[in-house]
Structure formats: C-alpha cells, structure tokens
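For reference, the structure is listed below as structure tokens.
Bear in mind that the values in this text are calculations on the coordinates, not laboratory data. Model, not experiment: these values are computed from the prediction. Cβ sites come from the backbone with ideal geometry, for glycine too, and all protein chains shown count toward neighbours.
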Amino acid sequence: MNTLHAWGRLGAAALLAILMMGAGVPDAGASEPAPFKITLKPLTGGDQEVDALDVRWTLDMPAGSTFDLTAPITYAGVEGVADRIEIISARDASGPIPFTTSDDPPHPGGFPHFRHWKAERPVAGQIEVTYLARVRSPGGRGGPPFDLRASGGGVSGAGSGFLLLPRGAETTRSRLIWDLTDLPAGSGARTTFGEGGVDIEGPPSRLMQGWYMAGPFGHYEGARASAGFNAAWLGRAPFDAAAEMAWAADAYAYLGEAFGYLDPVPPYRVFMRFVDGAPCGGGTALGASFMYARCALTTGETAPSPRETLVHEMVHMWVGGVEGPQGVTSWFSEGLTTHYTRLMMLRGGLDSVEAYGGHINRSAQALYGLAAQDMSAQAIVDVGFADGDIRHIPYHRGAFYFADLDARIRERSGGTRTLDTVLRPMFEARQAGQTFDHAAWIALVSAEIGPQAKDEFEARILRGEAFAPHRGAFGPCFTRRDKTYEIAGHGPVERYEWVRQTGASDDLCRNW
Ligand SMILES: [Zn+2]
C-alpha cells in the first residue's frame, strides 16, 4: 500500500508540545489573557452527509492592531483548501472588516503555500470571524488525508485542511467548542487534542497540527496495558475495525515498552475514515495521533487490515523528526520510521519472519527498481507530491542507511552497542528540548563509526549516491545477495535483495 505521510512537517519542538499536552482543561487565572475561542459546527445536507463546517472564532486584539487571516491554498499536496473557505462575516467593535487578499507563490512539489486576507484598516477589541469550510468533493490530486471529507454521516480532516486563522496572534491558549446539533443523535467529536471540547495550549496555529472528527463514529477504547489508546472511525471499514484497533492497542503498548523513552506513554488517538470517491488518502501521523484513510468498498467487500501502516504511523511518534530544510528531513522521520516499523513488527511478534523479509525486499524494489533511485534529497522535495514513487525514496533509502549503520555499530563495538543504544540518549535529549539537527546527527554518528560519517551522510542521504548496505544489515538470518533490477526505459541495474539463511530459527531471526 502506498502510504502518505506528513513529511516531517511536525518539528521536534511541535511534537514535544503535543506530547506534553494533557487532555485536561487548565484553570483560567484571573490575569490570563482571553483564549482564542473557536466553535466548529458540522452542517448536514439533504443526503445526510456533512456539507460544510460552520466555523466561528473570537480573538481580542489591542486597539490599532494590524490584522490578517491566513489559510493554506495547498497543504502538503492537498489542493484547494483556501478555495473551499467562504468568509461570512468578520467584524470588530467598529463594524465589518474589509480585506485584501494575496496568494503566496506555489511550491513546485505541493508543499504548503498560503492565501492571506489583510485587513484594510487597523482593528480593535474583540474580533469575531465566521466562515464556512466546505468539505472536499471527490476528484483532483491525492495527498495525505488533511482535507475535510464527509463520510458515514460525519466529517473529518486535519486543521490544515479547513482552518482560517489570524496570523501572528499571540494568545497562549485556544478553546475548542463543538456544536453537534446538526449531526445525527449519538454523534461525538474527537481531535488529536482530546475528546469533545478542549483547551489547547499554544498559539492558534497549533490547531493546524491535529486531526478532527465529528459524527456518529464507531470507536474503541483501550484498557489496562493500552489505557489511553483510543480509536474512532467514520464510514464502513472493509475489515473488523474494533478487532483491528484492539490489535493496534496491543501494538501501541509494545512500542511504548520497546522504545522506552516516553514514560509514561502518552495518550494516543487513532482516526480512520472510509470515504466515497478518490482521492482517499493513506496514513499520516500528527503528534500523538494518526489518520488512516481509504476509499470505501461496496457493502460486503472486505480488505486486509493495514497493520503495517498502523504500526508505521504509531512509530512516528517515537522517531519524531530532525531539524532541517522542509522535506529534506524525511530521510530521518520516514527512513527511521520505515526501519523501526519492520524491526518492531519482527521483535514484537507482530508479524511473521517471512513478512519481515518481504518488507525488506519491497523496500529494495521500491528503491532499486526506480530510474530516479540516485536523485538528491533536494530534487526529491522539488518533485514533492507530483510522484508518489519518487516521494517515497527517502523512506527506503533512509531505512537502508539506518540498517547499515546498525550493523556497523554492532561490528565496531563488538556487539556492545547498537543503533538503539546510540539513538536512545538523543531521543531523551530531544524530548527535553535540545536541538537535534543534521549537525547533531553527524556528530552522533561520527562518534560511533568514525569521521567519514559526515561525507557518507552527505553522499548517501543528501546527494543520493547508491551504496551497498552491510551484509548483516537485517540481522543474522537474512543475507544480502546481488540482484539485477530491470528498469523500464532505463536498463538493468546491479543492486541487492535479502534472503533468509537456511536453518536459521525464527527465534534467532527475532532476537539479535
Ligand atoms: Zn510515515
């Protein structure tokens, strides 16, 4: 399955902020400024599906303030966000606020660019903005499921798919309120930030980085070892959603133990939507949550559960990101997530040893089978969302880079150190607020494998030069073998595949 992800849009600092956020509503101190207050009301049409979100927000501004509103035109491949927004009213104490709009130039690869509504006069006091965000109709280019879509009598999407926000507002808290009166009886609302109405620490822009769902959704609530894990879904799942979410809850508990450094493991929220009509999406993680999206199948049709995607999206929370140029950093966020997804599924008994081998060789095919396999990290960003195969190169290239490093760290240290032991202190330092960027990574890895680590990182990751991963990159029971990859219109290339050693026990394969 071709999964789509957030391209490290969530920096380590933002991730941290989301992880540290509790579900509780803090007490408002007397001197605390009024929060940014936003009410979301899904509006249902004649077909019993949601047509739009009615959004109302208020914000206090000092007298004489300049004021502008902003919304994405395209957000990570999702087009038309600002075009689906219609401002109904914007006013302050002096009356309606007139605006002039301007658009940022588009990014060639579909990375975010924004529309701005600049107030034509200074504003003062309480500002009230009301707008409609229409749901996206089927059609157009695909991307992560940030866009607002109707399904199963409800609505879902990311804040980046429907929010028109005040630019540069300095409020430190936002109050999210739901009005579900136009939804079927029994409907609920959930976001990355919590169940129903919640207070969200930080400026209004924080609201962009979360998933939203409202409607008569099915749900699963974790208990005991997986307490804090929950899931909600809209539309008909082609698999047993409750059973698969129980599986995902166990996987989440396992990942928490295996990564270890987020202790206690934060609450986690899964969202799934099954929509009529492409584009349907894939999986994308934001903070301690992800959205899994796919096209609905006709009644009675079934499909396998996307367990690998479920684990991949959850692994994102522990892997996090590295600071660096937009998109270029996916060697870390996506590469390391791809690496750990297959390792954790193997180690945790979440899948068979054969499936682990299959996962490795699918990565090999996805990388070595492409004419563009040597493309530089920046060139891949420039292609962006226009080509899904090229966009996924950093997933596989990065994963091979980490698997190779793991084998070499083990070899050099005589088996006393591994990639896990090298990463753990970095994860903890990043969690404590320390900057983790490309320079920090080079320093970290140079200390393990020597000063050539810098040149190697630049050649393999930034310039995209081919390399042969260590023979033992995938553990003692898989070995590297030469393989010729036929590439249409390009000719054959000599690269690698991995085969299971005969006689190696499953136990050896899982524990090394
Ligand atoms: Zn991902």
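Some observations on this one:
- In this calculation the C-beta distance from E32 to S102 is compared with R0 = 41 Å, giving a FRET efficiency of 0.75.
- FRET E, pair A355, S137, Förster distance 30 Å, beta-carbon r, rounded to 0.05: 0.20
- Value of [θ]222 nm, deg cm²/dmol, for the chain, DSSP H segments ≥ 4, -39500 (n - 2.57) each, nearest 500: -8500 deg cm²/dmol
- The Cα-based radius of gyration of region 60-169, divided by its Kirkwood radius, gives an Rg/Rh of 1.02.
- Angle of helix 393-412 to the longest C-alpha principal axis of the chain, folded into 0 to 90 degrees and rounded to 10: 50°.
- Gain upon complete extension [E257, A386; 0.36 nm per residue less C-alpha separation]: 42.7 nm
- Between 0 and 90°, nearest 10: helix 241-259 axis offset from the chain longest Cα axis: 60
- Of all lysines in the structure, those lying under 25 Å Cα to Cα from K118, and not within fewer than 8 positions of it along the same chain, are K37.
- Enclosed volume per residue, in Å³, of the convex hull spanned by Cα atoms of region 321-510: 125
- Building the convex hull from the alpha-carbon atoms of region 84-124 and averaging its projection over directions returns 3.7 nm².
- Extension gain (nm, one decimal) between R471 and R224, 0.36 nm per residue minus Cα-Cα: 84.8 nm
- Ordered by the number of other Cβ atoms lying within 10 Å of each residue's own Cβ, fewest first, T341, T100 fall into the sequence T100, T341.
- The R463 and Q501 beta-carbon pair, evaluated with R₀ = 22 Å, returns a calculated FRET efficiency of approximately 0.10.
- Percent of Cα-Cα distances greater than 34 Å, calculated over the chain: 38
- Here the spin labels are modelled as points 7 Å beyond Cα on the Cα-Cβ line, and at D276 and A303 they lie 1.7 nm apart.
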